[in-house]
1. Scan the range 44-67 for residues that are surrounded by 15 or more Cβ atoms within 10 Å (Cβ to Cβ) and part of a loop (DSSP other than H, G, I, E, B) and report the count.
2. Would you point out which residue out of 75, 119, 103 is outside any loop (DSSP other than H, G, I, E, B), among the aliphatic types (A, V, I, L, M) and closer than 30 Å to residue 63 by Cβ?
3. In the range 78-96, what residues are assigned to a loop (DSSP other than H, G, I, E, B) and in contact (Cβ under 8 Å) with a residue 24 or more places away in the chain?
4. If residue 70 passes every condition in (1) in a helix (DSSP H, G or I); (2) surrounded by 10 or more Cβ atoms within 10 Å (Cβ to Cβ); (3) of a type in the set (Lys, Arg) but one, which one does it miss?
5. Pull out all pairs, ordered by first then second residue, where Cβ-Cβ is under 9 Å, the residues are six or more apart or on different chains, the first lies in the range 97-124 and is free of Cβ contacts under 8 Å to residues at least 24 places away in the same chain and surrounded by 10 or more Cβ atoms within 10 Å (Cβ to Cβ), and the second is not in a helix (DSSP H, G or I) and not β-branched (Val, Ile, Thr).
6. Read through the list (1) of a type in the set (Gly, Ala, Ser); (2) under 30 Å from residue 108 (Cβ atoms); (3) at pLDDT below 90, then give the number of the only condition that residue 39 fails.
Amino acid sequence: MLRDNEGKRVVPNQTILEKTSISETSLYRLKKKWIKKISLSDSPRRGRPPKVSSKGEMRLMIMAQKTPLKSFKEIAKDYNEALPQQNQVSIWTVKRHLANVGILAFRPARKTTLEPRHITGRFVWAKEYQHMGMGY
């Protein structure tokens, strides 16, 4: 049961649990913070902050989409041109961030180009056999 500054009941716990779909333990933990006047927002976490910001990730994505046949090495080089030495990123960082947004590496298929005589030959063959059934 939440209470205001004067000790009056405000909202029953069950109502809060039903409306928020959080666990009872989480509710009591949040209430304890609220009573002690501690911030309810997430506290800072440990770990190294990412080198590429969300804005930088968007820039990488745009660079990769503009020229889809560019290698990760070339994209990393282009991305690092505008950055000072201490903020530059490696190819692996670029790969990881592009994979996060769904851009993966691929190799284009090698295809032989058709010459005009091949195209006309295929067309003639298709016209000749267009009415032939599966049984011949």
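1. 1
2. Details: 119 fails: closer than 30 Å to residue 63 by Cβ; 103 fails: outside any loop (DSSP other than H, G, I, E, B).
Sole residue among the options that is outside any loop (DSSP other than H, G, I, E, B), among the aliphatic types (A, V, I, L, M) and closer than 30 Å to residue 63 by Cβ: 75.
3. Step one: filter the range 78-96 for residues assigned to a loop (DSSP other than H, G, I, E, B), giving 82-84, 88-90.
Once the filter is applied, which keeps residues that are assigned to a loop (DSSP other than H, G, I, E, B) and in contact (Cβ under 8 Å) with a residue 24 or more places away in the chain, the range 78-96 yields only 89.
4. For residue 70, the exception is condition (1).
5. That search, which allows pairs on different chains as well, returns 99/105; 122/114.
6. Answer for residue 39: the failing condition is (2).
The values are calculated or read from the model by the stated rules, or taken from the named source; none is laboratory data. Since we're looking at a predicted model, the values are computed, not measured. Cβ atoms come from the backbone with ideal geometry, glycine included; neighbour counts cover every protein chain shown.
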